[in-house]
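*Asks:* Pasting a structure here, questions to come.
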Amino acid sequence: MQPILFHGTSLSDLKAFPDGPRREAGCQLDKVQRGQEPADWKPMTSIGPGVKEIRLHEPSGAFRVIYVAKFADGVHVLHCFERTSRKTALTDIETAARRYRALLRGLP
């Protein structure tokens, strides 16, 4: 099972989710750690190759976890946030893209 590696404020952002979405995000990340696909996801090629978004739909709102699992060292969680409009905010995409670029610079 691959470890989960959180970038930037992604861990504290995930911990700030309400109970239901936080627990569901944990279950979905566990699936990713085991090499499975999450229940509801989509590719985020605008951020980078191999980047995916876990989509969580709860009565309290829509929550997202952006991650990449193509590297041997683990599952990299780039950004966690509550989506407040129909389209993902540009600031959230830029945050994940900035962290992805930093991740690539850190790889050999």
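The values are calculated or read from the model by the stated rules, or taken from the named source; none is laboratory data. These numbers were taken from a predicted model, which means no experiment stands behind them. Note that each Cβ is placed from the backbone with ideal geometry, even for glycine, and that neighbours are counted across all protein chains shown. Areas reflect the complete protein model, heavy atoms only, side chains present, ligands, DNA and RNA absent. Shrake-Rupley method; radii C 1.70, N 1.55, O 1.52, S 1.80 Å.
*Asks:* Roughly how many percent of the accessible protein surface of the chain is carbon and sulfur, given a 1.4 Å probe and a whole-percent answer? Show your work: numbers first, answer last.
*Replies:* Numbers: 3180 of 5960 Å².
Here it works out to 53 percent.
*Asks:* Given that just one value was derived from the coordinates, which of (i) 25, 14, 11; (ii) 20, 16, 12; (iii) 28, 16, 10 is semi-axes √(5λ) of the Cα gyration tensor in Å?
*Replies:* So the structure-derived entry is (ii).
*Asks:* Using just the helices of the chain, give the 222 nm mean residue ellipticity in deg cm²/dmol: DSSP H runs with n ≥ 4 each add -39,500 (n - 2.57), and the total is spread over all residues, rounded to 500. Kindly include the intermediate steps, with their values, before the conclusion.
*Replies:* Values: 3 runs with 38 residues, N = 108.
Here the helix-only value at 222 nm equals -11000 deg cm²/dmol.
*Asks:* With a 1.4 Å probe and every protein chain left in place, work out the accessible area per residue of the range 1-69 in Å², rounded to a whole number. Write down the numbers at each step before the final one.
*Replies:* Working: 3530 Å² over 69 residues.
I get 51 Å² per residue for the range 1-69.
*Asks:* Right, next: Can you give the charge dipole size of the chain about its Cα centre, rounded to the nearest 20 debye, using +1 on the beta carbon of Lys and Arg and -1 on the beta carbon of Asp and Glu?
*Replies:* Values: 17 positive and 12 negative charges, 57 e Å.
With Lys and Arg at +1 and Asp and Glu at -1, about 280 debye.
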